[in-house]
Each structure stands twice: as structure tokens, then as C-alpha cells.
Amino acid sequence: HACKPIPEKPQLSSDVLFVIGLPRTGTTLLHRLLALDPNARYPQTFELIDPINTKGYSRKKRIQWLESKLNLIKKVIPHIEAIHELGAEEAEECLLGLSVQVPLLPVTFRHLIRHCVGEEKDFTQIDPKNTIKFPDLYDAYRLYKRQLEFIAGNDEPKRWVLKCPAHLPFIENLLQVFPQAKIVWTHRDPAESLPSLSSMFRTFADMCEYSDINLYAIGSEQLLFWSAAVKKADQQLATCSANQVANVTFQNLLKDPIAVISDIYSSFGWSVSPEFKQNMIDYLDRNKNARSTIPPHLKQFHNYTLQEYGLDRAVVRRHMADYYARHLD
């Protein structure tokens, strides 16, 4: 590919859709399906790692370089794709862009969580004073928008489709920078998503930490951080207009993803084109076939229970009672 000229004054389309939700609630599936709309634009993994196509370093070279690094990760963590599919040209989440200023990469995200929840928290107690504090990420979102502008360059304006669970506690900053954004929030029982998330954090801890891994600490950190995150997200989204936010359950997404997306589009006043629908059908077939080839012994590395991480359903429900009442019960 020839080098794409860098625009003097890049502008990002105001038509932006964000997928948010607790990790392990179907955000990746939903994001990658939404990205199949011919009218949509999404950041590919290699673009977020290296946004500008400079002379002598073409798109092809950037993709090849990143694929080599991702293949190394797959060798070190052979079961990683049983948790999250990796690919240089996949529709990837915003954390790669935001991580320029914030420790949001999988191997550093736990440091941000620890910073927010503090040390020696008693996770069996509800935090009535709401002492968990989230940093202001306004500057990080401004920089991320600038990255997207350079990625888009002089391309034909399309709707941006973006995704990251970590947006949850930072909706205020997100809307300061993307005030007209549409938001889709995925919901799944936290008693099911939190141990899955903890298992993912354990995977990266095994790879990067040299000391013994305290699974109970991982579980308590995740519960404290994300219970506060959904509470803050609910507060901030309450200021949005009714046609700005859509909600999706994990069960419905797995049962009939095309129907779910049709409902999302309808709520925003959009329509699903025949081409978009066929793209989704083809993707779901390919994805099903690809996941069926993952060896069973690798999937076993991602087996998990709440108890393994020092949690139980009663503790999760107590911490997230408002979330259950508003979105699940």
C-alpha cells in the first residue's frame, strides 16, 4: 500500500458508537459484529499500536511486525486465544490507544486497579463511603481522539465503532471528548463474568510476575474495582438522552446476535443493510469453526470458579445489588 498522506487538520466523524460493559460480557463479540457494517470504521490492532503509515514503513510491514509479536505471545501463553482472539487486523479495543497515557494493557491494568482500590481492602464489606477513586482521564481521551483522527486520515467519513470495558468508570471523560457518542452496554451476571475476568488476570500475572500469585487478592481487587465502576457508569449515563444508550444482555447476544444488533440499530434510528446482515452470518460461521479447532486441553486453562478467587455469589450480589436490580433481576 502507498503511504497515506497525513491530513493537515484531521477531523473525526461525530458519528461514534462505543461498546462498554464488564469484561467477559460479550463486548468483543458485539464489537466485531458491529464492525462488519460497511458504513462503519473501526481501529485495527496494528493501527492502535502504530497509527501513522509513514514512508518506508507501509501497512503491510506494520502488520507483519505486529503479527510476529502476537505469535510470540501465543507461544508464551498457548491458551490465550481461548480467552481473547488476537490478530493484527482484528477490530481491537480502545485500551491500546488509551494506554499511551494510562496503564490499561493487560499486563499493567492490575496496577491501575490497585491504585484505585488501595491496599488491604476488606472485600467482604460494602464500601459505604465510596472510597474507591478513579483518576481523571480527560487528557487520555483527548489524545485517543487525536489518534483516531490520524488513523482515519483523509478517508471517507464513517461511523466509528469502538469498544473497551475500561470505559465504564470514565463515561464522564468519554462524553466530554465524544459528546454525541452512542453507547451500548452489555450485561451478564457478575458472578459469572468476574471469575472469568480473574482467570484472565491470573494468566497475565503468571506471565509477568515472579512472586507467588495470590488468587484471593486478584478476586477481591476485581470485585471492588468493577462494582464501583458500574455504579459510576450508571450515575453518569443517567445524564444521557434515552436514544443515546442501549442495553444488551449476554444471554440474548449469544442466543441471537443478529436480532440483538437489529434492535440496537432500531433504537438509534439506523437500519441493518442486507450486506451487513450477510457479513455477520459469514463471520459467525467462521468464528464458530475457528473456536472449534482450539484443543480442549488449552481451553482447560481457562476453567474457573468464584471460590478459587476467594469469592462467592452472596458477596458479589451484596457489592453489586444496585446493578443486579437495575439491569439483571
Query raised in the report: Does Asn252 fit the bill of being over 20 Å from Arg159 (Cα atoms), within 19 Å of the chain's Cα centre (by Cα) and free of Cβ contacts under 8 Å to residues at least 12 places away in the same chain?
Result: yes
Query - Subset of segment 40-56 (residues that are among the hydroxyl-bearing types (Ser, Thr, Tyr) and either touching a helix residue (DSSP H, G or I) at 6+ places or on another chain (Cβ under 6 Å) or at pLDDT 80 or above (or both)) - result: Tyr42, Thr45
Query raised in the report: Restricting the first residue to segment 139-160 and requiring it to be at positive phi, which pairs with a second residue that is modelled with pLDDT under 95 and open to solvent by 10 Å² or more (accessible area, probe 1.4 Å) meet a Cβ separation below 9 Å and a spacing of at least six or different chains?
Result: Gly153/Lys4; Gly153/Pro5; Gly153/Ile6; Gly153/Pro7; Gly153/Ile52; Gly153/Asn53
Query raised in the report: Restricting the search to segment 309-329, which residues are open to solvent by 60 Å² or more (accessible area, probe 1.4 Å) and touching a residue at least 60 places away in the same chain (Cβ under 8 Å)?
Result: Arg313, Arg317, Arg318, Asp322, Arg326
Query raised in the report: Checking Asp37 against (1) among the charged types (D, E, K, R); (2) in contact with a helix residue (DSSP H, G or I) (Cβ under 7 Å, 6 or more places away or on another chain); (3) under 22 Å from Gln180 (Cα atoms); (4) at pLDDT below 90, which single condition isn't satisfied?
Result: (4)
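For segment 189-204, name all the residues that are closer than 18 Å to Tyr323 by Cα and either assigned to a helix (DSSP H, G or I) or of a type in the set (Lys, Arg) (or both). Steps first, please.
Going through segment 189-204, the residues closer than 18 Å to Tyr323 by Cα turn out to be 189-195, 197.
Pro190, Ala191, Glu192, Ser193, Leu194, Pro195, Leu197 - these are the residues of segment 189-204 that are closer than 18 Å to Tyr323 by Cα and either assigned to a helix (DSSP H, G or I) or of a type in the set (Lys, Arg) (or both).
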**Report entry** Pairs where the first residue, in segment 109-135, is within 20 Å of Asp322 (Cα to Cα) and the second is in a loop (DSSP other than H, G, I, E, B) and modelled with pLDDT of 60 or more, C-beta under 8 Å, 6+ apart
**Finding:** Val117/Ile132; Phe123/Gly310; Phe123/Leu311; Thr131/Gly118; Ile132/Gly118
Report summary line: Filter segment 226-249 for residues that are open to solvent by less than 70 Å² (accessible area, probe 1.4 Å) and more than 20 Å from the chain's Cα centre (by Cα); the one that is modelled with the lowest pLDDT is Ser241
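Does Pro157 count as part of a loop (DSSP other than H, G, I, E, B) and either modelled with pLDDT of 80 or more or crowded, with 22+ Cβ neighbours inside 10 Å (or both)?
On the way: part of a loop (DSSP other than H, G, I, E, B): yes; either modelled with pLDDT of 80 or more or crowded, with 22+ Cβ neighbours inside 10 Å (or both): yes.
Judged against the criteria, Pro157 is a match.
For segment 199-216, does any single residue satisfy the condition of being touching a strand residue (DSSP E or B) at 6+ places or on another chain (Cβ under 8 Å), farther than 19 Å from Gly118 by Cα, surrounded by fewer than 21 Cβ atoms within 10 Å (Cβ to Cβ) and of a type in the set (S, T, N, Q)? Steps first, answer last, please.
Step one: of segment 199-216, the residues touching a strand residue (DSSP E or B) at 6+ places or on another chain (Cβ under 8 Å) are none.
No, there is no match, as no residue in segment 199-216 is touching a strand residue (DSSP E or B) at 6+ places or on another chain (Cβ under 8 Å), farther than 19 Å from Gly118 by Cα, surrounded by fewer than 21 Cβ atoms within 10 Å (Cβ to Cβ) and of a type in the set (S, T, N, Q).
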Report task. Kindly list the number of the only condition in (1) among the hydroxyl-bearing types (Ser, Thr, Tyr); (2) in contact with a Ser or Thr (Cβ under 7 Å, 6 or more places away or on another chain); (3) modelled with pLDDT under 95 that fails for Thr186. Result -> (3)
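The values are calculated or read from the model by the stated rules, or taken from the named source; none is laboratory data. Everything quoted here is computed from the prediction, not taken from an experiment. Quick reminder, even Gly has a Cβ in these numbers, built from the backbone with ideal geometry, and neighbours come from all protein chains shown. Note: areas computed on protein heavy atoms with side chains; ligands, DNA, RNA excluded. Shrake-Rupley method; radii C 1.70, N 1.55, O 1.52, S 1.80 Å.
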